[in-house]
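This report refers to the structure that appears directly beneath it.
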Amino acid sequence: QVQLVESGGGLVQPGGSLRLSCAASGFTFSTYAMYWYRQAPGKERTFVAYITRTGGNTNYVESVKGRFTISRDNAKNTVHLQMNSLKPEDTAVYFCSTRTPSGRAYWGQGTQVTVSS
């Protein structure tokens, strides 16, 4: 059974940093691309970052480029999102995700990130 468990969220001041982690189990982690999404209050869930199976390629939504870095450790079945220079508009619940070749998506329960002074 696929399981994704996020951690690392919290309250941080503008300009601060957080590192999110996602622990994966129930599937062959190294053969799946991984994603981070976020959902702000009252808004739809949106794409944040993507990393290929080997970690050789990444992609980001424009608003986080240069501030966020996605990485993965296939030996530990984990994916991370390093978030620097955080802004109030980054406040959201952050979700880890993957999808099967047939397109079925799996999601974690999310971790809250609040950027506020």
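Descriptive notes on the structure:
- Members of segment 26-74 that are hydrophobic (A, V, I, L, M, F, W, C) and out of contact with any helix residue (DSSP H, G or I) (no Cβ under 9 Å at 6 or more places or on another chain): PHE27, PHE29, ALA33, MET34, TRP36, PHE47, ILE51, VAL61, ILE70
- Every residue from segment 22-57 that is among the small types (Gly, Ala, Ser), in contact with a Ser or Thr (Cβ under 6 Å, 6 or more places away or on another chain) and open to solvent by 30 Å² or more (accessible area, probe 1.4 Å): ALA23
- Residue count for segment 63-92, restricted to those that are within 18 Å of GLY15 (Cα to Cα) and open to solvent by 40 Å² or more (accessible area, probe 1.4 Å): 10.
- Taken over segment 22-65, residues that are within 22 Å of PRO88 (Cα to Cα) and touching a Leu at 6+ places or on another chain (Cβ under 8 Å) amount to 3.
The values are calculated or read from the model by the stated rules, or taken from the named source; none is laboratory data. Bear in mind the structure is a predicted one, so any value in this text is a computation, not a measurement. Cβ coordinates were reconstructed from backbone atoms using ideal geometry, including for glycine residues, and neighbour counts include every protein chain displayed. The area values use the complete protein model at the heavy-atom level, side chains included, leaving out ligands, DNA and RNA. Shrake-Rupley method; radii C 1.70, N 1.55, O 1.52, S 1.80 Å.
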